[in-house]
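S.K.: Below you will find the structure I want to go over with you.
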Amino acid sequence: MILLAVKIAILCMSIAILVLIYRLIKGPSMPDRIVALDAIGINLVAIVALVSIFLETNAFLEVILLLGILSFIGTVAFSKYLEKGVALERDRDL
(Lines give C-alpha, C1' and ligand atoms only; values in the text may rest on other atoms or scores of the structure.)
Protein backbone atom coordinates (compact mmCIF):
# COMPACT_ATOMS: atom_id res chain seq x y z
CA MET A 1 0.00 0.00 0.00
CA ILE A 2 2.80 2.42 0.87
CA LEU A 3 4.56 1.69 -2.42
CA LEU A 4 1.42 2.66 -4.34
CA ALA A 5 1.29 5.95 -2.44
CA VAL A 6 4.96 6.58 -3.23
CA LYS A 7 4.37 5.88 -6.94
CA ILE A 8 1.44 8.29 -7.00
CA ALA A 9 3.52 10.94 -5.20
CA ILE A 10 6.37 10.53 -7.71
CA LEU A 11 3.89 10.94 -10.56
CA CYS A 12 2.43 14.10 -8.98
CA MET A 13 5.88 15.57 -8.41
CA SER A 14 6.84 14.82 -12.02
CA ILE A 15 3.75 16.61 -13.29
CA ALA A 16 4.55 19.55 -11.01
CA ILE A 17 8.08 19.74 -12.44
CA LEU A 18 6.68 19.79 -15.97
CA VAL A 19 4.38 22.68 -15.06
CA LEU A 20 7.27 24.50 -13.40
CA ILE A 21 9.44 24.03 -16.48
CA TYR A 22 6.69 25.71 -18.48
CA ARG A 23 6.70 28.59 -15.97
CA LEU A 24 10.50 28.73 -16.14
CA ILE A 25 10.40 29.18 -19.91
CA LYS A 26 7.25 31.28 -20.25
CA GLY A 27 7.40 33.24 -16.96
CA PRO A 28 6.25 36.84 -17.31
CA SER A 29 9.12 38.21 -15.23
CA MET A 30 12.54 37.18 -14.01
CA PRO A 31 11.49 36.77 -10.34
CA ASP A 32 8.79 34.32 -11.47
CA ARG A 33 11.43 32.31 -13.29
CA ILE A 34 13.68 32.26 -10.22
CA VAL A 35 10.84 31.04 -8.02
CA ALA A 36 10.05 28.34 -10.58
CA LEU A 37 13.70 27.26 -10.63
CA ASP A 38 13.75 27.06 -6.83
CA ALA A 39 10.54 25.05 -6.81
CA ILE A 40 12.01 22.65 -9.38
CA GLY A 41 14.96 22.10 -7.05
CA ILE A 42 12.64 21.41 -4.13
CA ASN A 43 10.61 18.97 -6.21
CA LEU A 44 13.78 17.19 -7.34
CA VAL A 45 14.78 16.72 -3.71
CA ALA A 46 11.32 15.29 -3.00
CA ILE A 47 11.49 12.91 -5.98
CA VAL A 48 14.90 11.61 -4.94
CA ALA A 49 13.59 11.09 -1.39
CA LEU A 50 10.56 9.21 -2.74
CA VAL A 51 12.75 7.05 -4.96
CA SER A 52 14.89 6.29 -1.91
CA ILE A 53 11.77 5.20 -0.03
CA PHE A 54 10.57 3.16 -3.00
CA LEU A 55 13.91 1.34 -3.35
CA GLU A 56 14.22 1.00 0.46
CA THR A 57 17.78 2.32 0.53
CA ASN A 58 19.73 5.10 2.22
CA ALA A 59 22.13 5.52 -0.69
CA PHE A 60 20.44 8.68 -2.00
CA LEU A 61 20.66 10.74 1.19
CA GLU A 62 23.86 12.45 0.06
CA VAL A 63 22.24 13.26 -3.28
CA ILE A 64 19.33 14.87 -1.46
CA LEU A 65 21.70 17.07 0.55
CA LEU A 66 23.69 18.02 -2.54
CA LEU A 67 20.59 18.96 -4.54
CA GLY A 68 19.26 21.02 -1.64
CA ILE A 69 22.50 22.94 -1.22
CA LEU A 70 22.90 23.59 -4.95
CA SER A 71 19.29 24.71 -5.27
CA PHE A 72 19.71 27.14 -2.38
CA ILE A 73 22.98 28.57 -3.70
CA GLY A 74 21.50 28.98 -7.17
CA THR A 75 18.45 30.81 -5.83
CA VAL A 76 20.58 33.14 -3.72
CA ALA A 77 22.92 33.88 -6.65
CA PHE A 78 20.07 34.65 -9.06
CA SER A 79 18.33 36.82 -6.47
CA LYS A 80 21.52 38.74 -5.79
CA TYR A 81 22.06 39.19 -9.51
CA LEU A 82 18.54 40.64 -9.88
CA GLU A 83 19.03 42.97 -6.94
CA LYS A 84 22.50 44.34 -7.70
CA GLY A 85 23.24 43.39 -11.28
CA VAL A 86 26.26 41.23 -10.37
CA ALA A 87 26.46 37.84 -8.72
CA LEU A 88 29.95 38.28 -7.22
CA GLU A 89 31.16 41.56 -5.81
CA ARG A 90 34.83 42.43 -6.17
CA ASP A 91 36.64 45.26 -4.46
CA ARG A 92 38.82 47.06 -6.99
CA ASP A 93 40.45 49.27 -4.30
CA LEU A 94 42.97 46.63 -3.24
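S.K.: What pairs come up if the first residue lies in the stretch 34-51 and is within 14 Å of residue 64 (Cα to Cα) and modelled with pLDDT under 95, the second is of a type in the set (Phe, Trp, Tyr) and part of a helix (DSSP H, G or I), and their beta carbons are under 9 Å apart, counting only those six or more places apart or on different chains?
M.R.: 41/72
S.K.: Look through the stretch 28-60, keep the residues that are more than 18 Å from residue 13 (Cβ to Cβ), of a type in the set (A, V, I, L, M) and within 17 Å of the chain's Cα centre (by Cα), and return whichever of them is most open to solvent (accessible area, probe 1.4 Å). Can you show your working first?
M.R.: Restricting attention to the stretch 28-60, the residues satisfying the condition of being more than 18 Å from residue 13 (Cβ to Cβ) are 28-34, 56-59.
When the remaining residues are screened for being of a type in the set (A, V, I, L, M), the result is 30, 34, 59.
After this cut, where a residue has to be within 17 Å of the chain's Cα centre (by Cα) as well, the list is 30, 34.
On the way: 30: 94, 34: 17 Å².
Among residues in the stretch 28-60 that are more than 18 Å from residue 13 (Cβ to Cβ), of a type in the set (A, V, I, L, M) and within 17 Å of the chain's Cα centre (by Cα), the one most open to solvent (accessible area, probe 1.4 Å) is 30.
S.K.: State the number of residues belonging to the stretch 1-26 that are under 15 Å from residue 53 (Cα atoms) and either among the polar types (S, T, N, Q) or assigned to a helix (DSSP H, G or I) (or both). Explain how you work it out, then say what you get.
M.R.: To start, the set of residues in the stretch 1-26 that are under 15 Å from residue 53 (Cα atoms) comprises 1-11, 13.
Still in the running and either among the polar types (S, T, N, Q) or assigned to a helix (DSSP H, G or I) (or both): 2-11, 13.
So the count comes out to 11.
S.K.: I'd like to check something: does the stretch 63-85 contain any residue that is outside any helix (DSSP H, G or I) and either at positive phi or free of Cβ contacts under 8 Å to residues at least 60 places away in the same chain (or both)? Let's see the steps before the verdict.
M.R.: Start the filter on the stretch 63-85 by keeping residues that are outside any helix (DSSP H, G or I), which leaves 85.
Still in the running and either at positive phi or free of Cβ contacts under 8 Å to residues at least 60 places away in the same chain (or both): 85.
Looking through the stretch 63-85, at least one residue is outside any helix (DSSP H, G or I) and either at positive phi or free of Cβ contacts under 8 Å to residues at least 60 places away in the same chain (or both).
The values are calculated or read from the model by the stated rules, or taken from the named source; none is laboratory data. What you are looking at is a predicted structure, and each value in this text was computed from that prediction instead of being measured. Because the Cβ atoms are built from the backbone with ideal geometry, glycine has one as well, and the counts that use them run over all protein chains shown. Surface accessibility is based on the protein's heavy atoms, side chains included, excluding ligands, DNA and RNA. Shrake-Rupley method; radii C 1.70, N 1.55, O 1.52, S 1.80 Å.
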